[in-house]
Amino acid sequence: MKVSTSDVQSNISIQVVHGIEQIDAGEWNALSAGRPFQSHTWYRFGEQVMADCEPVYLLAYQDEKLVGRASFWVTPNEPLPQYAGVWRVPLKFLLKKWPLFICRSPLSYTTGLVTDSSSVDRDVIFSLLIDAAMQQASLRKCSFLIFDYLGKAEKQNWPPGFSVMEAPTPGTVMENHWTGFDDYLAQGNKKDRQHYKRTVRESEKLKIEVHRSARVDNVDELLPLIRNMERRHGAPSNPWVGNMLRSIEMVDGTLLTVTAEDKLVGCGLLLEDNNAQMTSALGRSQDLPYVYLMLVYESIRMALEHRVQLLRWGSGAYEIKQKLGFELEDNGMFVFAPVPPFLRKISHWFT
């Protein structure tokens, strides 16, 4: 972020690294400080899955200690949201030639901008990382430099040329303060407990069953369910979901599948890192009732079994999730700036 000149800058250096294996895991994890989906293992998983996106790690060192980082991905195939409207088609062509330079933790709807919370020089570190990011984005002929999945507290004081926007569909989270699934149900109200029992009872009538697996051998069967779910809800098609499914053994991953009379009708992918669980790759084959709810309940049950601290269930279906105990996540801000001079000139027309 924009700061005044300071003598402390002489004590801070920025290193550019192009692979997570080149970074010491202990050093990386110490800076992560247990933040969800920020572990060294998670980024190894990300590089494997997003093999078509070049990783660029900007590391800030002060007195030989890692005090900050910005993890970028050169992304030519970013899934474009529906609210991009008529701009989606031309943007796809634009990104093939001038990809995005995006700061994020891979595949997790989490920022890739991390600093030592105890450092008194955080503003200086931010400023140096942003300057280095713009240089690296320019070298790679990227179109936009983007910092996404930021909290509302991080939307102020960006340098000139950066724009701040808020995504219209925030994610959802739930903190775990229960001893188990029975305790979770017991602490809810009577209506919620009756709703769960009715869901289970009606699912049994339809012979709906949920299964867990620590590996995935049927990606080709799962992908049509996932694409169907994306189309139904107007979500952009995730280009990395197949690789995510194939690589879940690299992290604490579990595939949930739903069958009705032994026919595959739904799926979901649970991924865990640093004491948090995330649900992804949701899929359904048809309008069969209770499939979605059974996936949600099973993810909650598993999270409580594993005693994770935080559950994340993405955007959408807010009314249902609120009744189950989820709240809106504060990660909907994103900040961006054009990189090439011609885009900077165009952007002035709209500002």
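The values are calculated or read from the model by the stated rules, or taken from the named source; none is laboratory data. Quick caveat: nothing in here was measured; it's all calculated off a predicted structure. Note: ideal-geometry Cβ built from the backbone for every residue, glycine included; neighbour counts use all protein chains shown.
Here are the numbers for the structure shown:
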quantity	calculated
Candidates ASP116, ASP148, ASP121, ASP52 - the one that is of a type in the set (Asp, Glu), within 25 Å of HIS40 (Cβ to Cβ) and in contact with a Cys (Cβ under 9 Å, 6 or more places away or on another chain)	ASP148
So PRO90, is it modelled with pLDDT under 90, outside the structural domain of ASN274 (by TED's automatic domain parsing) and in a helix (DSSP H, G or I)	yes
Yes/no for ARG122 being in the same structural domain as SER13 (by TED's automatic domain parsing) and out of contact with any helix residue (DSSP H, G or I) (no Cβ under 9 Å at 6 or more places or on another chain)	yes
Matching residues in the range 131-154 - criterion: being of a type in the set (Gly, Ala, Ser), within 18 Å of VAL114 (Cα to Cα) and surrounded by 14 or more Cβ atoms within 10 Å (Cβ to Cβ)	ALA132, ALA133
Residue in the range 328-335 that is touching a helix residue (DSSP H, G or I) at 6+ places or on another chain (Cβ under 7 Å) and over 17 Å from LYS207 (Cβ atoms) present	yes
Count of the range 297-321 residues which are free of Cβ contacts under 8 Å to residues at least 60 places away in the same chain and either within 15 Å of the chain's Cα centre (by Cα) or farther than 14 Å from MET278 by Cα (or both)	3
Residue count for the range 233-264, restricted to those that are farther than 18 Å from GLN48 by Cα and either surrounded by fewer than 20 Cβ atoms within 10 Å (Cβ to Cβ) or hydroxyl-bearing (Ser, Thr, Tyr) (or both)	12
Those strands (runs of 3 or more DSSP E) lying entirely in the range 150-222 with at least 3 residues at pLDDT 95 or above	172-175, 208-213
Failed condition for PRO236, given (1) of a type outside the set (S, T, N, Q); (2) in contact (Cβ under 8 Å) with a residue 40 or more places away in the chain; (3) in a helix (DSSP H, G or I)	(3)
Residue check, GLU327 surrounded by fewer than 21 Cβ atoms within 10 Å (Cβ to Cβ) and out of contact with any Asp or Glu (no Cβ under 9 Å at 6 or more places or on another chain)	no
